[in-house]
Each structure stands twice: as structure tokens, then as C-alpha cells.
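Here's the structure we're looking at; comments come further down.
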Amino acid sequence: MGNYTELEINEIMKTMVVLVDTREQPTPRYYHRIRQFQFPYRRQKLEFGDYSCECTLPGGDVLDFSSHVSVERKQDIEELCMCFGTQRKRFEKEFEWARQREARLYLLTEHPDPKETRNDVGWSQVFNGSYDSRLPSKSLLASILAWGARYNMVFQFACWKYSGQLIENILYRELKEYLRNQEAGD
């Protein structure tokens, strides 16, 4: 693997397949999310995270990118609070697993469309504590920021209506940059 031209990288990128963890529940939001993908998708068990990708390299070898980058999705801030609260040990184990593999994990938390709610959304929920959980807002903020540093985690909020597009774009950009770094000999 390596030393790809920009033309070869562009051809490789056309073969991208989004990998969806089999534990992602097939809800109406799930189907909405995968319909947003421009690339084909396949369900398979991922070691960590809910979404990753693969591609076919020149010569036919398949690069499974799930050991490099994955997106962990949470349906709302309440689920995020549960992960940092009562389910912390399980959640931490998954992030530790990714760190041991030197993988980057995106933590994407969905929120409702601001047009459809009068409640705070996103970071304002974190700072205002406007969510249904016993986890204090200072603890939630501290956990998000500490895990970013500790686990090479990138934290994102997204309206659920656009999370499929964001997931696919994250994976696309990460994979393309990875291939470019291979080209540079990194």
C-alpha cells in the first residue's frame, strides 16, 4: 500500500463502502440516515463505533478502515449522559479499545431540528443542563473534553436529519487524507 497518485486516490474513493455496525437498531431514523448515503453500505460487526468504511485498492485488496476511524453515534444528549454516567465502564472500554489501536473515534450526538423544538439543542444543552439526566452539566462537559484529549476523540453535534450526510462525509475525508498520507510515505 502507498505512493498513490491523486488520480489513483480519486479512483479508490469511488469504491468506498460505508460499514454499519450490526448493533445499530433499524429505527425510522436509522433508515433515514442510511438513505442519505451516496455510497453503498453494508452491515457488519465493528470492533468499536457504529459507522466506518472500506475501499478497494489498486490490485484488488480491500482496506478495512474500521481499525483506523469510526463514528460512534448517540441518538440524543440523554443517551450521551447515560454513556458518561451509568454505562461509563462499558463506554470507556470501547474507547480504550480504539485507543489501543491508535484509532480516531468521532462521537456524534444527534439532536432534534431546532425548528421543531423550543428546547436548547447541542452545546447550549450541555452548558445549560437542559436535558433529562441526573448527570450535572459540568460533569458532562468535563467528560466530553477529557475524552477528546484522552482518546483522540472528535465530538460533534448534528441534527438527526443530517447525521447520515455528516457520517459519510467524515468517513470520506478521513479515508482520503489517510490515502494521501500513504502517498507521502507517512
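The values are calculated or read from the model by the stated rules, or taken from the named source; none is laboratory data. This structure is a prediction, so every number in the text was calculated from the model and none was measured. Cβ coordinates were reconstructed from backbone atoms using ideal geometry, including for glycine residues, and neighbour counts include every protein chain displayed. Remember, those area values only see protein heavy atoms, side chains included, never the ligands or the DNA or RNA. Shrake-Rupley method; radii C 1.70, N 1.55, O 1.52, S 1.80 Å.
Summary of the geometry: the range 148-176 and the range 67-104, compared by the centres of their Cα atoms, lie 13 Å apart.
At 1.4 Å probe size, with every protein chain present, just tell me what the per residue accessible area of the chain comes to in Å². Intermediate values should be presented prior to the final figure.
On the way: 9920 Å² over 186 residues.
Computed with neighbouring chains in place, this is 53 Å² per residue.
Accessible area of the range 10-97 with a 1.4 Å probe: how many percent of it is carbon plus sulfur? Accessible surface attributable to carbon and sulfur in the range 10-97 totals 52 percent. Entry note: the chain has Rg to Rh equal to 0.99, where both radii use alpha-carbon atoms and Rh is the Kirkwood radius. Taking every DSSP beta bridge that has both ends in the range 1-152, the antiparallel portion is near 45%. Student exercise: in the range 27-146, how many lysine pairs 8 or more apart or on different chains have Cα atoms under 28 Å apart? Count of close lysine pairs: 10. Packing-based ranking of 135-143, 72-80, 14-22 yields 72-80, 14-22, 135-143, ordered from highest to lowest mean Cβ neighbour count within 10 Å. According to the calculation over all Cα-Cα pairs in the range 51-138, the P(r) per 5 Å bin from zero is 3, 12, 18, 18, 15, 13, 9, 6, 4, 2, 1 %.
A Cα-only calculation for the range 1-75 places Rg and Dmax at 13.6, 42 Å.
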